[in-house]
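The block underneath contains the structure these notes are about, expressed in structure tokens.
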Amino acid sequence: MDRAKLIIGNQTHELDIIKGTEGELAIDITNLRNDTGYITSDTGYKSTGATRSAITFLDGEKGVLRYRGYPIEQLAENSTFLEVAYLIIYGELPSPVELENFTNGITRHTLIHEDMKKFYEGYPEKAHPMGVLASMISALSTFYPDDHNTNLDPEKVDLTIRRLIAKSATIAAWSYRKSQGFPIMYPQNRYSYCANFLHMMFALPTEEYDVNPTVVRALNTILILHADHEQNCSTSTVRIAGSSHASLYAAISSGVCALWGPLHGGANQEVIDMLKKIQAQGGDVKKMVEKAKDKDSDFRLMGFGHRVYKNFDPRAKIIKKVSDELLSELGVDDPLLDIAKSLEEVALNDSYFIDRKLYPNVDFYSGILYRAIGIPTEMFTVMFALGRLPGWIAQWKEMRDNNEPISRPRQIYIGETKRDYVKIGDRG
Ligand code: CMC
């Protein structure tokens, strides 16, 4: 095995090199502190691998993304969200029987406890649906207390997984209904996962709801694109929270909170706000690009840049194509799409963005697609969360199955050194 050499003063330490199946390389520093007294320092974990994972591979330089080895382009083209969810969580594409059982299991758990409905009455009218989603998922643990310590009983884990995937969609759709003052729509077992979600969001009790297969397909695609993305901020949060052996509900609820921020999943909402601002100011995209380049302003071009992708985000390419197709099929003419395209063109030809390898990411065009479906801006990050759920679950499961230790990073302390307490009357 190759070894790395670390020279500190006149001491040389040998460290193992770890090689991934796609040739990725890491230096194993697990015993570094014990052996040398040193820790490594890497704020934001830019060069730190937190785990060995068999779920998702991505190559940011080449714009490659694969779930369990399958290219994202093939899955987006041919698969359904639940099939991909099964693949990500259990490691293999399901057989027809496995998929049927998995789908039925989810369909049969879409109802949420009637008492949970009362919670919706307590949220303020303008409650952000991400806050509702996080707290309701956390509240699920109080309704299914037996699930708490079932982490290593495969049957119980499977049941919790089905409950989570099924009930999160209901919770999300109902948070929208409540925010609009509409009566909630109960799930219908005759629908597929995506059709059921659309039904719970948009159906009216007064008339029959026509499920549009084009919209169902687009929704499947966008959820597939979000389904996992290896050790991003929210996924790392799920793994870290779960590493304390907190319940799966608690770990997922933490992930929802982490996803909410504008630098992560919250960017999709910010992109639309930004495009609307450009529209209101007369459509001058160059002004926004200049503002994003100005180091005196803390404004960033939302939906641009990525910690890992330094060439292009393969998900953005697919979403752009699907949005174009959906808009033309639905006959929607969204002026924000034109603004987005001009903004992309100006930014991609600007040396600031070229030099820093900043490209449109998954969030740049996803809002356009959601708008065409009729999903309101505040719900965009919730859609991202529904899509990411299988990834969070798979990553939690992998972490528990591998019996990973509790996550507990160290730090370099830079505060005051020891000093004596001064009584309040003696302070200046
Ligand atoms: N607009 C303007 N400048 C940017 C942008 C942007 N969107 N993104 C990065 N930069 C600049 C940044 O100022 C820095 O410049 P300099 O080297 O002169 O200091 C350089 O590019 C590197 O940026 P960084 O902040 O060190 O990169 P990071 O890897 O820490 O951040 C990011 C990645 C996604 C947080 C960042 O690109 C960003 O804030 N983008 C906008 C928010 C966004 O779209 N987030 C969604 C990410 S994709 C969905 C998801 O998986 O969450």
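Being more than 9 Å from the ligand (Cβ to nearest atom), assigned by TED's automatic domain parsing to the domain that holds Gly367 and hydrophobic (A, V, I, L, M, F, W, C): is that true of Val285 here? The answer is yes for Val285.
Somewhere in region 222-236, is a residue without any contact (Cβ under 8 Å) to a residue 24 or more places away in the chain and open to solvent by 10 Å² or more (accessible area, probe 1.4 Å)? Explain how you work it out, then say what you get.
First pass over region 222-236, keeping only residues without any contact (Cβ under 8 Å) to a residue 24 or more places away in the chain: none.
Looking for residues that are without any contact (Cβ under 8 Å) to a residue 24 or more places away in the chain and open to solvent by 10 Å² or more (accessible area, probe 1.4 Å), one finds none in region 222-236, hence no.
Here Phe81 meets each of (1) over 16 Å from Val382 (Cβ atoms); (2) surrounded by 19 or more Cβ atoms within 10 Å (Cβ to Cβ) with one exception, condition (1).
A quick yes/no check of all residues on (1) among the acidic types (Asp, Glu); (2) open to solvent by 60 Å² or more (accessible area, probe 1.4 Å); (3) over 22 Å from Glu73 (Cβ atoms):
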residue: Leu326; (1), (2), (3): no, no, no
residue: Asp333; (1), (2), (3): yes, yes, yes
residue: Ala340; (1), (2), (3): no, no, no
residue: Pro360; (1), (2), (3): no, no, no
residue: Asp363; (1), (2), (3): yes, no, no
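A search for C-beta distances below 7 Å between a residue of region 296-312 that is within 18 Å of Ser47 (Cα to Cα) and any residue that is within 8 Å of the ligand (Cβ to nearest atom) and part of a loop (DSSP other than H, G, I, E, B), counting only pairs 6+ apart in sequence or on different chains, returns Gly305/Leu358; Gly305/Asn361; His306/Asp313; His306/Asn361; Tyr309/Asn361.
Just wondering, is there one or more residues in region 368-383 that are of a type in the set (A, V, I, L, M) and open to solvent by 10 Å² or more (accessible area, probe 1.4 Å)? Looking for residues that are of a type in the set (A, V, I, L, M) and open to solvent by 10 Å² or more (accessible area, probe 1.4 Å), one finds at least one in region 368-383, hence yes.
Conditions (1) part of a helix (DSSP H, G or I); (2) open to solvent by 20 Å² or more (accessible area, probe 1.4 Å); (3) within 12 Å of the ligand (Cβ to nearest atom), marked per residue:
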{"site": "Phe299", "(1), (2), (3)": "no, yes, yes"}
{"site": "Tyr309", "(1), (2), (3)": "no, no, yes"}
{"site": "Ala316", "(1), (2), (3)": "yes, no, yes"}
{"site": "Glu329", "(1), (2), (3)": "yes, yes, no"}
{"site": "Val346", "(1), (2), (3)": "yes, yes, no"}
{"site": "Ile354", "(1), (2), (3)": "yes, yes, yes"}
{"site": "Gly391", "(1), (2), (3)": "yes, no, yes"}
{"site": "Ala394", "(1), (2), (3)": "yes, no, no"}
{"site": "Glu398", "(1), (2), (3)": "yes, yes, no"}
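Quick check on Gly425: is it part of a helix (DSSP H, G or I), without any contact (Cβ under 8 Å) to a residue 60 or more places away in the chain and not assigned by TED's automatic domain parsing to the domain that holds Glu329? Working first, answer last.
Numbers: part of a helix (DSSP H, G or I): yes; without any contact (Cβ under 8 Å) to a residue 60 or more places away in the chain: yes; not assigned by TED's automatic domain parsing to the domain that holds Glu329: yes.
Yes: the conditions hold for Gly425.
If you take the residues of region 288-297 that are part of a loop (DSSP other than H, G, I, E, B), more than 9 Å from the ligand (Cβ to nearest atom) and out of contact with any Lys or Arg (no Cβ under 7 Å at 6 or more places or on another chain), which of them is least open to solvent (accessible area, probe 1.4 Å)? If we take residues in region 288-297 being part of a loop (DSSP other than H, G, I, E, B), more than 9 Å from the ligand (Cβ to nearest atom) and out of contact with any Lys or Arg (no Cβ under 7 Å at 6 or more places or on another chain), then Asp294 is least open to solvent (accessible area, probe 1.4 Å). Evaluate the following for Ala203: is it outside the structural domain of Glu329 (by TED's automatic domain parsing) and free of Cβ contacts under 8 Å to residues at least 40 places away in the same chain? Yes.
Yes or no, residue by residue, for (1) touching a residue at least 60 places away in the same chain (Cβ under 8 Å); (2) open to solvent by less than 10 Å² (accessible area, probe 1.4 Å):
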site: Ile88; (1), (2): yes, yes
site: Glu100; (1), (2): no, no
site: Asp115; (1), (2): no, no
site: His128; (1), (2): yes, no
site: Asp146; (1), (2): no, no
site: Arg162; (1), (2): yes, no
site: Ser168; (1), (2): yes, yes
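Number of residues in region 228-253 that are within 16 Å of the ligand (Cβ to nearest atom), of a type in the set (A, V, I, L, M, F, W, C) and either touching a Ser or Thr at 6+ places or on another chain (Cβ under 9 Å) or not assigned by TED's automatic domain parsing to the domain that holds Leu198 (or both) equals 1.
Being part of a strand (DSSP E or B), of a type outside the set (Phe, Trp, Tyr) and exposed (fewer than 13 other Cβ atoms within 10 Å of the Cβ): is that true of Glu14 here? Spelling it out, Glu14 is indeed part of a strand (DSSP E or B), of a type outside the set (Phe, Trp, Tyr) and exposed (fewer than 13 other Cβ atoms within 10 Å of the Cβ). Apart from one condition, Tyr309 fits all of (1) modelled with pLDDT of 95 or more; (2) under 16 Å from the mean Cα position of the chain (by Cα); the exception is (1). Among the residues examined, Arg217 does not qualify as farther than 30 Å from Asn361 by Cβ, modelled with pLDDT of 95 or more and assigned to a helix (DSSP H, G or I). The set of residues in region 29-65 being assigned to a loop (DSSP other than H, G, I, E, B), within 28 Å of the chain's Cα centre (by Cα) and not polar (S, T, N, Q) consists of Asp42, Lys46, Gly49, Ala50, Arg52, Ala54, Ile55, Gly60, Glu61, Lys62, Gly63. Yes or no: region 25-40 includes at least one residue that is modelled with pLDDT of 95 or more, open to solvent by 50 Å² or more (accessible area, probe 1.4 Å), of a type in the set (Phe, Trp, Tyr) and within 30 Å of Val322 (Cα to Cα). Looking for residues that are modelled with pLDDT of 95 or more, open to solvent by 50 Å² or more (accessible area, probe 1.4 Å), of a type in the set (Phe, Trp, Tyr) and within 30 Å of Val322 (Cα to Cα), one finds none in region 25-40, hence no. Looking at this structure, is Asn268 in contact with a Ser or Thr (Cβ under 6 Å, 6 or more places away or on another chain) and either open to solvent by less than 10 Å² (accessible area, probe 1.4 Å) or over 22 Å from Asp158 (Cα atoms) (or both)? Judged against the criteria, Asn268 is a match. Just wondering, is there one or more residues in region 262-278 that are within 16 Å of the ligand (Cβ to nearest atom) and acidic (Asp, Glu)? Taking every residue of region 262-278 in turn, at least one turns out to be within 16 Å of the ligand (Cβ to nearest atom) and acidic (Asp, Glu).
The values are calculated or read from the model by the stated rules, or taken from the named source; none is laboratory data. Quick caveat: nothing in here was measured; it's all calculated off a predicted structure. Ideal geometry is used to build each Cβ from the backbone, glycine not excepted, and the neighbour counts take in all protein chains shown. For the accessible areas, the whole protein counts, side chains as well, though only heavy atoms, and no ligand, DNA or RNA atoms are used. Shrake-Rupley method; radii C 1.70, N 1.55, O 1.52, S 1.80 Å.
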